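The values are calculated or read from the model by the stated rules, or taken from the named source; none is laboratory data. Being a predicted model, the structure only gives us computed values, none of them experimental. Backbone-built Cβ (ideal geometry, glycine too); neighbour counts: all protein chains shown. Keep in mind that these areas ignore ligands, DNA and RNA; they rest on the heavy atoms of the full protein, side chains included. Shrake-Rupley method; radii C 1.70, N 1.55, O 1.52, S 1.80 Å.
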Amino acid sequence: GPNPICVGDASELFFPVLSGTEPFNVDWIDDNGGNGTYNVDATGNIVSTGLPQPISPIITTTYSLISVADAKGCTNTLNGTAILVVNELPFVDVSGTTEMCDGEVTQIYFDFTAGNGPWTVDYNVNGTPQVFPPTFNIFDSLAISPSTTTVYTINSVSDANCSSLITDVVTISVNPLPEATISGGGSLCDDGSTT
C-alpha cells in the first residue's frame with residue numbers, strides 16, 4: 001500500500017502467494033509487538049473481504065513473514081519483510097504579545113515541535129488568507145505592526161511529508177497613542193497683579 005504515510009493515515013498489506021493451493025494462512029509479526037495469521041487468496045487479498053489488509057500504525061513498522069500454509073496442509077517458512085515508514089504530523093505552537101501601542105512592531109513566534117523542516121504555516125489575518133513561507137528554523141517569528149486590533153488565525157502547518165490542521169488564534173489589541181493638548185495663555189503684569 002501507500003508508503004510512506006503520515007500518522008493517522010492508512011496503508012495496506014498484500015500477501016501474494018506464488019505457489020500452492022489457495023486459500024493460504026500467512027503468519028506474520030511486526031517489530032512493534034503485533035502478530036497474526038491472515039487467510040489470503042493467491043493474489044494476496046484477505047479471503048473474507050477480497051481486499052488487502054488495512055493497517056494504520058502510528059510509528060514506522062517492519063512487517064515480517066514467518067510462514068505460509070496452503071489448503072492441502074503444506075507449510076513453508078518465510079523470511080520476507082516490508083517496512084512502512086510513518087511520518088509524524090507537524091505541529092506549531094504560536095505565541096506573541098497580545099497588546100501593543102499603535103506604531104510599534106511586535107513578533108508572532110512560531111515554535112515547531114513536531115515534523116521535519118522546512119515548515120509552511122497557513123493562517124488568516126482578520127479572515128484574509130496568508131502563508132508564512134517555508135522556514136528551516138525550529139523557532140521562528142513574524143514581525144507585525146497592525147494599526148488596529150487584529151486576529152491571527154492559524155489553520156494548518158505542513159512539512160515536506162505531512163500536513164496537520166491546527167486551530168490557534170492570536171488576537172493582538174492595538175491601543176491608540178495618547179494625545180494631549182495645551183490651552184490657556186494670555187498676559188500678566190510683571191508684578192503679578194493680573195493673570
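Under 32 Å from the mean Cα position of the chain (by Cα), in a loop (DSSP other than H, G, I, E, B) and closer than 30 Å to Ser19 by Cα: does that describe Leu51? Here the answer is yes, as Leu51 does meet what is asked.
For the range 8-22, the condition of being surrounded by 16 or more Cβ atoms within 10 Å (Cβ to Cβ) and touching a residue at least 60 places away in the same chain (Cβ under 8 Å) holds for at least one residue. Looking only at residues in the range 44-92 that are open to solvent by less than 30 Å² (accessible area, probe 1.4 Å) and of a type in the set (Ser, Thr, Tyr), which one is nearest to Val7 (Cα to Cα)? Applying the filter and picking the extreme gives Thr61. Tally up the residues in the range 86-102 that are assigned to a loop (DSSP other than H, G, I, E, B) and among the hydroxyl-bearing types (Ser, Thr, Tyr), please. Qualifying residue count for the region: 2.
For the structure I just gave you, tell me whether Ser164 is under 29 Å from Pro134 (Cβ atoms), small (Gly, Ala, Ser) and either in a loop (DSSP other than H, G, I, E, B) or touching a Pro at 6+ places or on another chain (Cβ under 8 Å) (or both). Yes: the conditions hold for Ser164. Being part of a strand (DSSP E or B), open to solvent by 40 Å² or more (accessible area, probe 1.4 Å), in contact with a strand residue (DSSP E or B) (Cβ under 9 Å, 6 or more places away or on another chain) and not hydrophobic (A, V, I, L, M, F, W, C) is a property that holds for Ser173. Listed by first and then second residue, the pairs with beta-carbon distance under 7 Å, at least 6 apart or on different chains, first residue in the range 120-132 and closer than 9 Å to Tyr152 by Cα, second basic (Lys, Arg) and surrounded by 11 or more Cβ atoms within 10 Å (Cβ to Cβ), form an empty list. In the set Ile83, Ile58, Ile66, only one residue is part of a loop (DSSP other than H, G, I, E, B) and of a type in the set (A, V, I, L, M); that residue is Ile58.
Picking from residues in the range 23-43 that are open to solvent by less than 50 Å² (accessible area, probe 1.4 Å) and in contact with a strand residue (DSSP E or B) (Cβ under 7 Å, 6 or more places away or on another chain), the one that is nearest to Ser158 (Cα to Cα) is Asp30. In this structure, Gly96 does satisfy being within 24 Å of the chain's Cα centre (by Cα) and touching a residue at least 60 places away in the same chain (Cβ under 8 Å).
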